Amino acid sequence: MWGGDTRLREPGDRLRLSGCPNHEGWLARMPAHNAYPAAARRIRNASLVALCAALTTASCGSPEASSDNAGGDAETVRNCDIDVEISAENPPERVFAVYQPAIEMAHALGISDRLVGTAYLDAKVIDDYADVQSEQKYYPEIPSREEMLSRKPDFVLSGFNDVFTDGRFDTRASLRELGVESWIFSPLCPSEDGRGDQAIDPSTVTMDSIYGDLRDLGTVFGVEDRAEEVVADMEQTVADVEDAVQDAGSEPEVMVARPSDDGFRAAAASDFATEMIDLAGGTNAAADVKDERHANFGTEEIIARDPDHIFVDVCCDADMTAADAAPSVEEITSDPALANVTAVEEGNVHEWTFADRSAGVRSARVVADIARTIHPDQFDTRD
């Protein structure tokens, strides 16, 4: 199942700035957001926003006049150290979207009618987008560069960086030579164009990065108002969660992991799951592993870390749901060696999907789902 997905074996990641509407709407009844005790996180996020506003460099995603088009109306926006040209008069009209986060973000921005191809879903798309996605040209695997180009795209949007490597679509620079612009989700910027690596800057693994990508792509595609709506909905959902968990009194240790051939593969510090767990009022039990996005743990390490909750993320098929993680959950809960791990002992090993741990427009809803799971008492009185 995992053989063709280099994101799971050699993920390429870093991060920058980008959103999701509150699809279920069940948080709408929560009271207005109040100050969250984790002041350090708010200061950090506020500082990032202030810094981005203060700087005029494109590294924060602000459009600037292109040096190649001085005196003209062309501008660029910076994405993963690459200038992406934008034009209000001629926004991209033929978009090829690769991986779940990119496909769902295209639908969220209302540019479904511009999609000429979509590829590699990790799970079922968000319910709101199911009908429109069913109408798209879809590749269950990453197509060859030649096949992708046969769709005549003028823009390639990718949720992960490994697609712009040798053997896949090749570098973004090579696509630009053909007149095709591109974008990598900022939480997954590679160390350089053409690399699908794990050189992620942990400080950029934030929800603010998702909001920034949404706003930047709103500018690229000429749908700024829609992008702001998505960001506003997402921000409100997260704010409501923070309000709900602010007096929870504890931060449960949460591990995102799945059984592998040599033990367990867990989400480490620079994986986006860390940010979502943090916002939900928990702590990533593998947050001390900072060198890579993933950590490989043996059974003894799981026992030593003793997480309060384990989310078992299953992947990768367009029809997959969290229920498909049931066999892996059973493998963990039936292992006698893990019987005394708190998550197993208390029945807190949960079915999940890889799509839910990825940075994208569903992330606000996922934060809410995690919070309801690890802090159920904080929500029962609000329904």
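The values are calculated or read from the model by the stated rules, or taken from the named source; none is laboratory data. Note that the coordinates shown come from a computational prediction; the quantities given were computed from them, not determined experimentally. As a convention, Cβ positions derive from the backbone with ideal geometry for all residues, glycine included, and neighbour counts pool all protein chains shown.
Yes or no: Asp313 over 17 Å from the mean Cα position of the chain (by Cα) and among the acidic types (Asp, Glu)?
Answer is no for this residue.
Buried (at least 22 other Cβ atoms within 10 Å of the Cβ) and touching a helix residue (DSSP H, G or I) at 6+ places or on another chain (Cβ under 9 Å): is that true of Asp356 in this structure?
yes
Quick check on region 319-331. Is at least one of its residues touching a helix residue (DSSP H, G or I) at 6+ places or on another chain (Cβ under 9 Å), in a loop (DSSP other than H, G, I, E, B) and over 25 Å from Gly281 (Cβ atoms)?
Among the residues of region 319-331, at least one is touching a helix residue (DSSP H, G or I) at 6+ places or on another chain (Cβ under 9 Å), in a loop (DSSP other than H, G, I, E, B) and over 25 Å from Gly281 (Cβ atoms), which makes the answer yes.
Which members of region 144-189 meet the condition of being small (Gly, Ala, Ser) and farther than 24 Å from Tyr211 by Cα?
Within region 144-189, Ser144, Ser150, Gly167, Ala173, Ser174, Gly179 qualify.
Using beta carbons and a limit of 7 Å, which pairs, at least six apart or on different chains, have the first residue in region 339-359 and not assigned by TED's automatic domain parsing to the domain that holds Pro252 and among the aliphatic types (A, V, I, L, M) and the second one surrounded by fewer than 20 Cβ atoms within 10 Å (Cβ to Cβ) and modelled with pLDDT of 95 or more?
none
Applying the selection to region 262-306, what residues are farther than 24 Å from His375 by Cβ, charged (D, E, K, R) and buried (at least 19 other Cβ atoms within 10 Å of the Cβ)?
Of everything in region 262-306, those that are farther than 24 Å from His375 by Cβ, charged (D, E, K, R) and buried (at least 19 other Cβ atoms within 10 Å of the Cβ) turn out to be Arg265, Arg293.
Please determine whether any residue of region 294-302 is under 26 Å from Phe185 (Cα atoms) and at pLDDT 95 or above.
no
Name the pairs: first residue in region 261-282 and over 15 Å from Glu242 (Cα atoms), second residue part of a helix (DSSP H, G or I) and among the hydroxyl-bearing types (Ser, Thr, Tyr), Cβ to Cβ under 7 Å, at least 6 apart or on different chains?
Pairs found: Gly263/Thr299; Ala267/Thr274.
Pick from region 111-147 the residues that are out of contact with any helix residue (DSSP H, G or I) (no Cβ under 9 Å at 6 or more places or on another chain) and of a type in the set (A, V, I, L, M, F, W, C): which of them is surrounded by the fewest Cβ atoms within 10 Å (Cβ to Cβ)?
Ala130
Checking the structure you have, find out if any residue of region 85-95 is at pLDDT 95 or above, in the same structural domain as Leu175 (by TED's automatic domain parsing), crowded, with 24+ Cβ neighbours inside 10 Å and in a strand (DSSP E or B).
Within region 85-95, one or more residues are at pLDDT 95 or above, in the same structural domain as Leu175 (by TED's automatic domain parsing), crowded, with 24+ Cβ neighbours inside 10 Å and in a strand (DSSP E or B).
It is to be established whether one or more residues within region 237-250 are touching a Gly at 6+ places or on another chain (Cβ under 6 Å), in a helix (DSSP H, G or I) and not hydroxyl-bearing (Ser, Thr, Tyr). Let's see the steps before the verdict.
First, the residues of region 237-250 that are touching a Gly at 6+ places or on another chain (Cβ under 6 Å): 245, 248.
Narrowing the set further to residues that are in a helix (DSSP H, G or I) leaves 245.
If we keep only those that are not hydroxyl-bearing (Ser, Thr, Tyr) as well, we get 245.
The answer is yes; a qualifying residue exists.
So in region 230-255, with the set limited to residues that are among the acidic types (Asp, Glu) and surrounded by fewer than 18 Cβ atoms within 10 Å (Cβ to Cβ), which one is nearest to Asp113 (Cα to Cα)?
Glu235
Restricting to region 263-314, name every residue that is assigned to a loop (DSSP other than H, G, I, E, B) and of a type in the set (D, E, K, R).
Those that are assigned to a loop (DSSP other than H, G, I, E, B) and of a type in the set (D, E, K, R): Asp271, Asp288, Lys290, Asp291, Glu292, Arg293, Asp306, Asp308.
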